[in-house]
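Beneath this line is the structure, given in structure tokens, with notes to follow.
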């Protein structure tokens, strides 16, 4: 950034001002060109999977195997048969929506309490909840599975929703606590003096002020739950309840050899999360870096 | 991040009523507070806390999901003498080699983006986009990419290296390399965003002062910029390490199924295989405890390191 203006002051008088400026412009343009070329190269690497999915999905199986060119819609016309994507995406949507609602409910109330209604031990409880972020799902998945089986919660939306909600709660609570701490106490004190209850202050004052944080949590969780395989694989085994990612995983594990169909399915499954990403990119960025920025 | 904040409400009443008891308002505040954290606390305790306790208990049992016999702590010594266990741990250790790449490449990309060449925001979106797609989809494409006569093969041929036939996934000792490369690729988006945020917090006056003092660009990068980014580099390294240990299940499930042999079986995948492939729930639980201990240690180190420069 700064190197392009580093023309040495000693040499300056030897060149006319115009020639000097022209040289500087040329150098800057060359630099920009090089940077753009490098950035384009990286973009090609990052976009390659999308390119591969799109191109392959529009080939027939033979065209793909023989490596010949050609265009075919056969994989798209057979997709619904191999992967009931519409039904499975509906399942994904139901599970995501319910889990996100629970996460938002418990994390906003808890976050407000931890930030503004502190009581004895509240900091220890907060630490405990946030520390639960360190529990890998693989470490608890066996007891969870047996518990859910005993309660007849395997293969029901409810079991999976509760597990996803619990997994998302520690980080969401951490984020909401930090957010509510940044709200000035005076806002809440004023409402209390006006005779509001603490819960009323939360619902009518704090909650409406925290919409950006809510969107951040919802977007992060949507992508996480939509893309998850392990929990869905174990807790939503029936084809009637399974999510799109589980359906896709099952299709791949079934060693379906028709790669164009697999690529069409992958593409369809990825579209909602990509759309959410493109629309809410800004919120996602805030959420991902919430752990470091103070 | 817990200490810098404003005083909680009602601190003043407590100071005033130090001796004469707590005011009614403060009692109500504490009661409402306890009620409001209850749902989150119950959810976390019941779904995350209790099962980790169960896992520790069950890890000392011979358990197939239905019948269990108590073994005791010797279950651990038994597990640690199993060469397969160490084969799996070796895979985890090897995956850690990918971490520096998954951190430093995005760091370079973030500096590149920060030059703010016209159109850089579009590139930022492109680099970040893979963050939205699932490991299942990534694994599905990666599987074809590394396959025999796949795109990687063609790239090698194009550079006159076709004789190498890098058929990574069919070789027990090379398949992990393919998983590692895919892993690095997937971390680019997240880590680039972390570093872009970090670079935005840099104090330009420090670098300018150093420039006046006659330092070159490299010296400024090493002695001025990197120390300021320390916190962000740490955070991204930890996140990458945690992902390497706990986020690759779907990728391995789709790409290799843990094979060939135990070539790509990491601890998290080994848990799944033992419990849900072979109904050895006791051993699966034990492996889960081992994974939890490793992650807890990583987490504590992170907490320690991030706190030091506060």
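Quick notes
- Springs between Cα atoms under 10 Å define the GNM used for chain B, and in it the highest mean-square fluctuation of B:247, B:24, B:132 occurs at B:24.
- Listed from fewest to most Cβ neighbours within 10 Å, the set B:66, A:234 follows the order B:66, A:234.
- Rule-of-thumb Rg ratio for segment B:97-265 [Cα; 2.2 N^0.38 Å; N residues]: 1.23
- Chain B, relative contact order in percent, only Cα pairs under 8 angstrom and at least six apart counted: 25
- Here the extension length gained between residue A:66 and residue A:152 equals 26.1 nm, from 0.36 nm per residue of separation less the Cα-Cα distance.
- Model label sites at residue A:124 and residue B:209, defined 7 Å from Cα along the beta-carbon direction, differ in position by 4.4 nm.
- From least to most packed, judged by other beta carbons within 10 angstrom and beginning with the fewest, B:70, A:85 follow the order B:70, A:85.
- Simple spin-label estimate for residue B:121 and residue B:218 in nanometres, 7 Å along Cα-Cβ: 3.6
- Separation in nanometres of the label points that stand 7 Å from Cα toward Cβ, at residue A:27 and residue B:304: 4.8
- Global geometry of chain A, whether rounded, prolate or oblate, following the gyration tensor of its Cα atoms and the 1.5 cut on a/c: oblate
- Normalised by 2.2 N^0.38 Å, where N is the number of residues, the C-alpha radius of gyration of segment B:129-201 stands at 1.35.
- FRET efficiency, 1/(1 + (r/R0)^6) with R0 51 Å, evaluated for residue B:200 and residue A:80 via beta carbons: 0.65
- Counting only other chain Cβ atoms within 10 Å of each residue's Cβ, the peptide B:248-254 averages 5.
- Partner chain coverage, peptide A:36-47 - average Cβ within 10 angstrom: 5
- Panel values: the protein assembly as shown, Kirkwood radius from alpha carbon pairs, Stokes-Einstein at 20 °C and 1.002 mPa s, translational diffusion coefficient 80 µm²/s.
- A Förster radius of 30 Å, combined with the Cβ-Cβ distance separating residue B:82 from residue B:226, puts the computed FRET efficiency at roughly 0.10.
- Candidates A:30, A:117, A:236: whichever shows maximal mean-square fluctuation once chain A is modelled as a Gaussian network with Cα springs under 10 Å: A:30
- Residue of A:77, A:57, A:156 that the Gaussian network model of chain A assigns the largest fluctuation, springs spanning Cα pairs under 10 Å: A:77
- Cα centroid separation - segment A:213-251 against segment A:94-121, whole Å: 21
- As a length-normalised measure over Cα pairs under 8 Å and 6 or more apart, the relative contact order of segment B:97-265 settles at 36 percent.
- Helices in chain A, meaning DSSP H runs of at least 4 residues, each add -39500 (n - 2.57). Divided by all residues, the mean residue ellipticity at 222 nm is -24000 deg cm²/dmol.
- Spatial separation of Cα centroids for segment B:241-261 and segment B:190-230, in angstrom: 36
- Cβ crowding within 10 Å ranks B:63, B:120 as B:120, B:63, fewest other Cβ atoms first.
- Once divided by 2.2 N^0.38 Å, the Cα radius of gyration of chain B becomes 1.30.
- Two-site FRET efficiency, residue A:34 against residue B:46, from Cβ-Cβ distance with R₀ of 51 Å, rounded to 0.05: 0.35
- Peptide-level mean, for A:53-59, of C-beta atoms on other protein chains within 10 Å: 1
- Structure-based [θ]222 nm, chain B - -39500 (n - 2.57) summed over DSSP H runs of at least 4, per residue, nearest 500: -20500 deg cm²/dmol
- Contact order relative to length of chain A, as percent, for alpha carbon pairs under 8 angstrom and 6 or more apart: 28
Where a number appears in this text, it was derived from the coordinates with a stated rule and is not lab data. Predicted model only: the values in this text are computed from it and were never measured. A quick note on method: Cβ atoms are made from the backbone with ideal geometry, for glycine too, and the neighbour counts reach across all protein chains shown.
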